[in-house]
Amino acid sequence: MRRSTLSAATGNITAIGFASAMFQMSQSMFIFNVILSAIIGRSLASEIENKSIRLYINQIGIRKLIYGGKELALLIFSVFIDILLVLTSIVFYYAVLVHNPNVASGIFYDSNVSMEVAQIICNCMFWLITIFLVMLMATRLKTLVCVGVYMILYIIMNLMSYIDGIKYLSPLHYIVVTSSNSSQIALSTMIFLLYSICAGILFTHIGIRKIEKMDL
């Protein structure tokens, strides 16, 4: 994907800029996405496969509460990881990078802070969309299949973000926009927030309907 916050800011990167670069790197390297999709798949698909989800059904009785509870736990986990990544990046910046004036400016933020914060927010929202999407897939697919299908969908979304006319349907398009330092960053971030909310509601509704109809 088209992003290079760290290299573009070499020599004057700030603490917030470095945190943003870490989010961009995590997204482009696809590591956290794969790990997250595997965790999501295992939290639901594995329990459906081995029938251990029946324990929750017998105790709680309402399947939508089980689905919603698992989804909420994963959302909280993702937010916690996001906060941890920001804090770890800032600590590393002041503990290590700040001693190299060729890389770090030594200040917390500069005039690019709005763009950098938007990059962090958009990456976080994409990971939340990942949770909604893979949770839905986990109602029908096994864990490894969920990961594989998600990887294919990620590639498709990445390709879509470059194609005029349909790029707005790809959540990765909005991450690209926030990396371009254009005047559309604020608007794109707001649109992506609305996009994420709508996707979350839609995928959650479909997922609940599916799990309520399953023979468990």
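The values are calculated or read from the model by the stated rules, or taken from the named source; none is laboratory data. Just so we're clear, the structure is a prediction, and the values are computed from it rather than from any experiment. Glycine also receives a Cβ, built like all others from the backbone with ideal geometry; neighbour counts cover every protein chain displayed. In case anyone asks, the SASA skips ligands and DNA or RNA and just uses the protein heavy atoms, side chains included. Shrake-Rupley method; radii C 1.70, N 1.55, O 1.52, S 1.80 Å.
Rounded to the nearest 10 degrees, the angle from helix 113-138 to the longest Cα principal axis of the chain is 20 degrees.
Using the Cβ-Cβ distance between K142 and S52 with R0 = 22 Å, the FRET efficiency computed as 1/(1 + (r/R0)^6) comes to roughly 0.95.
Ordered from largest to smallest accessible area (heavy atoms of protein chains, 1.4 Å probe), the residues H173, H205 come out as H205, H173. Using a Gaussian network model of the chain in which every pair of alpha carbons under 10 angstrom is joined by a spring, one finds that among D164, D110, D82 the greatest mean-square fluctuation is at D164. Within a straight-line Cα-Cα reach of under 26 Å, K64 can be paired with the following lysines, leaving aside sequence neighbours fewer than 8 residues apart in one chain: K51, K142, K210, K213. Axis of helix 31-49 versus longest Cα principal axis of the chain: the two differ by about 10°, to the nearest ten degrees.
List the residues of the stretch 97-135 whose backbone N lies under 18 Å from a point placed 7 Å from the Cα of L187 along the Cα-to-Cβ direction. Within reach of a label on L187: 115, 118-119. Accessible surface computed residue by residue for the chain, with neighbouring protein chains in place and a 1.4 Å probe, gives 51 Å² per residue.
Within the listed set S37, S111, S183, the Gaussian network model of the chain (springs between alpha-carbon atoms below 10 Å) gives the highest mean-square fluctuation for S111. Model label sites at L87 and L159, defined 7 Å from Cα along the beta-carbon direction, differ in position by 4.1 nm. Expressed as a whole number of Å, what is the distance separating the alpha-carbon centroids of the stretch 171-208 and the stretch 30-89? Cα centroid to Cα centroid, the span is 22 Å. Highest GNM mean-square fluctuation among A21, A73, A104, for the chain modelled with Cα contacts below 10 Å: A73. When the solvent-accessible area of the stretch 82-176 is split by element, carbon and sulfur atoms take up 75 percent of it, the probe being 1.4 Å.
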